[in-house]
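Everything below concerns the one structure shown next.
The values are calculated or read from the model by the stated rules, or taken from the named source; none is laboratory data. Worth saying up front: this structure is predicted, and the values here are computed from it rather than measured. Here Cβ is always computed from backbone atoms with ideal geometry, including for glycine, and neighbour counts include all displayed protein chains.
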Amino acid sequence: MTGGTRIRIRGTVQGVGFRPAVYRTASELGISGNVRNDGSDVIIECERGEELLDLLKKNLPPLAVIEDIKTENIKFQSGKGFRIIESSPGSGSVSIPTDTAVCDKCLEEMRSPGRRSGYPFTSCTDCGARFTLLESLPYDRANTSMKDFPMCPDCEKEFSDPDNRRLHHQTICCPVCGPAYRLVNINGEKIPGDPIPTFARMLSEGNIGVAKSWGGMHICGTLENTERLREWYGRPQKPFAIMVRNEESAKKYGNPDEDEMLAMTSPHRPIVLVNKRNVPESVAPGLDNVGMFLPYTGMQHILFDCLKEDALIMTSANPPGEPMMTDDRDVMEMKADMYLLHNRNIINRADDSVLRLFHGHTFYLRKSRGSIPSYIDIGLNGSVIGIGAQENLTGSVSRNGRIYQTQFVGDGMGIGVPEYLESSIRDLTAMVGSVPEIIAMDMHPAYTTRKVGKILSEDYDVPLVEIQHHWAHAASLLADNGLTGGTVLALDGTGYGSDGNAWGGEVISTDLKDFTRDAHLENIPLLGAEKAVYDLRRLKFAVDTMNGKESDLFPEGEANILRKIMDTSVKSSSMGRLMDTLSFTFDVCKNRTYDGEPSMKLEPLLSRGSLIPGYETYTENGVIKTVHLFDRIDRNDKSEDVAYSIVYNVMKELVAVAVENADRTGNGYIGMSGGVTYNHAVSMMFEELGKTSDHELIFHERIPNGDGGISVGQAAIALMMIE
């Protein structure tokens, strides 16, 4: 027995070739010892530990991140050589890297002669699926869906070869021993030919296909076939994302700036919203931008190698509002022309992440594949669960001062979505080793997610608390920026308010312990409640009635009924509803067919507008007046100028109240959160108006601006309750 060192390393150290890197470093230095996975950590026991660490830090694998190193002196049985030994369960904590696009070396191997030529599941320690095929920690083949595919002798040789880039690569495979694609028709019958090239040919011939990827399935079609795809899918207006062949193709169909191109070409391969060009209007009707992304799986690269087209519609395969499909049998119900399927199970569903960049800030519309698992350091100890709201659901789990988010789940009204939310939260809770002390949920009494909260509260025997929606928005922004206090503009479509009305145009000051509603937009009746969210005539009718104007939007009998329910209807202070009303007023959008449509379609109008006089507003007793602005509209003014001036002046009042209250409370920060802040025109107004104050402006970076970030805000507030 001699003196040695035990080194415990935490971070992103599993599934990234970390143990092979330790092995190679030790071998280079002639150091004896061993390395193993211990739960989510890596344990090294060796001689000359400090020397090994110094060189290892200089030779980390590309995807590895070291967060913490602990060392202790031990008695060490010095032997000859260095070994990678069997893993041990250890303690839970997420350190698994996200699914990462196929690397250049593997692409070259797929496109060259050899045993992996044309093989779509080619990957190595630097790339490939990770989270989507992981069942549990530690990250070993037996704990992934690759356990169904025993290695062939050639793969075993690579797996054990210290000089091979697949040393201890847990998902190593080849055509002899790995998963495979097949192509079937609408009846599930095999279509003859090589599956991927045949799929490519049939797409070019005008067929609609479904292709199975890493975390789910995509509906695929050519841009020329968009109209047929919309009719078949029953999606008349909602924009489709397009996958483009390469960077050159991205510049053909869009105008990505340098930051957008960097995001698009990153190993995580998100969908990035960019200004569109040469894209058929039917792909993103009424919008100036389009969601665009690059191939990230081997199959997708091979598909474009076989296609004459350099862009495809590539959208999640699911019935509207339901989770993306992962099961080969279920997806047949979609009745596509053909299905490109493989026989590797998807363990963790993960839609494509969607983001928009704003002046160096990252606004996630959907944070999922490639960006999950991830966490933020909150600095508040305790274990809690945040359930989220109702739309764009995610769950959040905390442990050891960190909040982890689940992947994107979907719309709480969709079939199977609450169950998917519950299972995702349970899986993440187990993975991070959290033992919840509080379950936090939205206070809306009709949200389907409340059932999930109650079930988890009973199962863990812990309190269930309600968190106001816009307080959670504000808290998510503060948590995103590592803060516990600030004043936030919470701007969205709707959220259940403490007074029972529908909030959404709020100035919120909070220290996470409590909040004040400093000001809000003028209330507008939602005539027919949810009907007013979709039939925008009802919003304009309510505004006209409040202004004492006659309206010809409804037959007189129906109009009389609507007038009678003005006083008893739920009232909305929502910025989203204000923009919906403007969108209707200027003939931009008459009926909402998807979430956020009127506001999204108003953005091109706002982007062309200039500030003109006559549309100023004011704040009275904490209420920012908006209704009278519609009575001022002069049809001789350009519609884009009127729309811009109304929104600008409303934002001016919101920011002024935020600055005033930040001064009063001593908060150094003002920010904005909520789905409306994805609108670039609104964000630019906030930035322009806010930067004239003495306060630091804060924006979202890692947590979604919209309801996808609500669960993080709930968790942050619940942690403060524990504190």
Notebook entry, point to check: Given the structure, is S316 outside the structural domain of A681 (by TED's automatic domain parsing), modelled with pLDDT under 95 and of a type in the set (G, A, S)?
Noted result: yes
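Answer with yes or no whether S583 is assigned to a helix (DSSP H, G or I), closer than 30 Å to S673 by Cβ, hydroxyl-bearing (S, T, Y) and at pLDDT 95 or above.
Answer is yes for this residue.
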Checklist line | Condition broken by R165, with the remaining ones in (1) at pLDDT 95 or above; (2) not assigned by TED's automatic domain parsing to the domain that holds V279 satisfied | finding: (1)
Check: Of the conditions (1) in contact with a helix residue (DSSP H, G or I) (Cβ under 6 Å, 6 or more places away or on another chain); (2) over 25 Å from M261 (Cα atoms), D377 fails just one. Which one is it?
Finding: (1)
Check: Does at least one position in segment 604-611 carry a residue that is under 27 Å from the mean Cα position of the chain (by Cα), farther than 18 Å from F686 by Cβ, at pLDDT below 95 and surrounded by fewer than 22 Cβ atoms within 10 Å (Cβ to Cβ)?
Finding: no
Next item on the list: Answer yes if at least one residue in segment 448-457 is among the hydrophobic types (A, V, I, L, M, F, W, C) and in contact (Cβ under 8 Å) with a residue 60 or more places away in the chain, and no otherwise.
Entry: yes
Next item on the list: Looking only at segment 543-564, decide whether some residue is surrounded by fewer than 24 Cβ atoms within 10 Å (Cβ to Cβ), closer than 22 Å to E597 by Cβ and either out of contact with any Ser or Thr (no Cβ under 7 Å at 6 or more places or on another chain) or without any contact (Cβ under 8 Å) to a residue 12 or more places away in the chain (or both).
Entry: yes
Note to self: I'd like the residue in segment 462-498 that is of a type outside the set (A, V, I, L, M) and out of contact with any helix residue (DSSP H, G or I) (no Cβ under 8 Å at 6 or more places or on another chain) and, out of all such residues, is nearest to G671 (Cα to Cα).
What the structure shows: N481
Next item on the list: Please specify each residue of segment 376-391 satisfying the condition of being hydrophobic (A, V, I, L, M, F, W, C) and in a loop (DSSP other than H, G, I, E, B).
Entry: I378, L380, I387, A389
Notebook entry, point to check: If you check K105 against the conditions, is it over 20 Å from G370 (Cα atoms), of a type in the set (K, R) and at pLDDT 95 or above?
Noted result: no
Checklist line | Sole exception among (1) modelled with pLDDT under 90; (2) of a type outside the set (D, E); (3) assigned to a loop (DSSP other than H, G, I, E, B) for I31, by number | finding: (1)
Next item on the list: Need at least 2 residues that are farther than 16 Å from H469 by Cα and among the hydroxyl-bearing types (S, T, Y) per element, so show me which helices (runs of 4 or more DSSP H) inside segment 634-723 make the cut, counting only ones lying wholly within it.
Entry: 639-665
Check: Any idea which residue in segment 108-139 is surrounded by the most Cβ atoms within 10 Å (Cβ to Cβ), counting only those that are at pLDDT below 95 and hydroxyl-bearing (S, T, Y)?
Finding: T125
Notebook entry, point to check: In this structure, is Y594 touching a residue at least 60 places away in the same chain (Cβ under 8 Å) and either outside the structural domain of K638 (by TED's automatic domain parsing) or of a type in the set (F, W, Y) (or both)?
Noted result: yes
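Let's see how each residue does on (1) outside the structural domain of G49 (by TED's automatic domain parsing); (2) surrounded by 13 or more Cβ atoms within 10 Å (Cβ to Cβ):
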| residue | (1), (2) |
| --- | --- |
| A64 | no, yes |
| E67 | no, no |
| F76 | no, yes |
| C103 | yes, yes |
| K157 | yes, no |
| T171 | yes, yes |
Note to self: Out of the residues in segment 42-58 meeting the condition of being within 14 Å of R24 (Cα to Cα) and not in a helix (DSSP H, G or I), tell me which one is nearest to the chain's Cα centre (by Cα).
What the structure shows: I44
Item checked: Selected residue (criterion: farthest from the chain's Cα centre (by Cα)) from residues of segment 524-542 that are assigned to a loop (DSSP other than H, G, I, E, B) and crowded, with 21+ Cβ neighbours inside 10 Å -> L527
Checklist line | Filtered residue count, segment 602-631, keeping only those that are in a loop (DSSP other than H, G, I, E, B) and over 26 Å from G286 (Cα atoms) | finding: 8
Checklist line | Single match in R245, R277, R269 (criterion: touching a Phe, Trp or Tyr at 6+ places or on another chain (Cβ under 7 Å), under 18 Å from K367 (Cα atoms) and among the charged types (D, E, K, R)) | finding: R269
Notebook entry, point to check: Would you say E281 is over 24 Å from the mean Cα position of the chain (by Cα) and loosely packed, with under 14 Cβ neighbours inside 10 Å?
Noted result: yes
Note to self: Given the condition closer than 30 Å to G360 by Cβ and either buried (at least 17 other Cβ atoms within 10 Å of the Cβ) or among the β-branched types (V, I, T) (or both), answer yes or no: does some residue in segment 194-208 qualify?
What the structure shows: no
Margin query: Out of everything in segment 494-516 that is free of Cβ contacts under 8 Å to residues at least 60 places away in the same chain and closer than 14 Å to K571 by Cβ, what residue ends up being surrounded by the fewest Cβ atoms within 10 Å (Cβ to Cβ)?
Written below: D499
Notebook entry, point to check: Do you know which residues across segment 354-404 are over 16 Å from D480 (Cβ atoms) and hydroxyl-bearing (S, T, Y)?
Noted result: S368, S383
Item checked: Members of segment 206-257 that are of a type in the set (K, R) and either closer than 27 Å to R592 by Cα or in the same structural domain as S599 (by TED's automatic domain parsing) (or both) -> R228, R230, R235, K238
Next item on the list: Kindly check whether there is at least one residue in segment 144-157 that is closer than 30 Å to R228 by Cβ and in a strand (DSSP E or B).
Entry: no
Notebook entry, point to check: Which of (1) in the same structural domain as T449 (by TED's automatic domain parsing); (2) of a type outside the set (V, I, T); (3) buried (at least 23 other Cβ atoms within 10 Å of the Cβ) does S368 not meet, given it meets every other one?
Noted result: (1)
Margin query: I want to confirm something. Restricting to segment 640-652 and keeping residues that are free of Cβ contacts under 8 Å to residues at least 60 places away in the same chain and under 21 Å from A542 (Cβ atoms), which single residue is surrounded by the most Cβ atoms within 10 Å (Cβ to Cβ)?
Written below: V642
Next item on the list: Quickly run through segment 109-140 and pick out the residues that are within 15 Å of C174 (Cα to Cα) and not in a loop (DSSP other than H, G, I, E, B).
Entry: E109, M110, G128
Next item on the list: Restricting attention to segment 660-688, report how many residues are crowded, with 19+ Cβ neighbours inside 10 Å and in contact (Cβ under 8 Å) with a residue 60 or more places away in the chain.
Entry: 17
Notebook entry, point to check: List the pairs whose first member sits in segment 616-639 and is more than 19 Å from T585 (Cα to Cα), whose second member is in a helix (DSSP H, G or I) and not small (G, A, S), and whose Cβ atoms are under 6 Å apart, counting only residues at least 6 apart or on separate chains?
Noted result: T619/E653; I624/E653
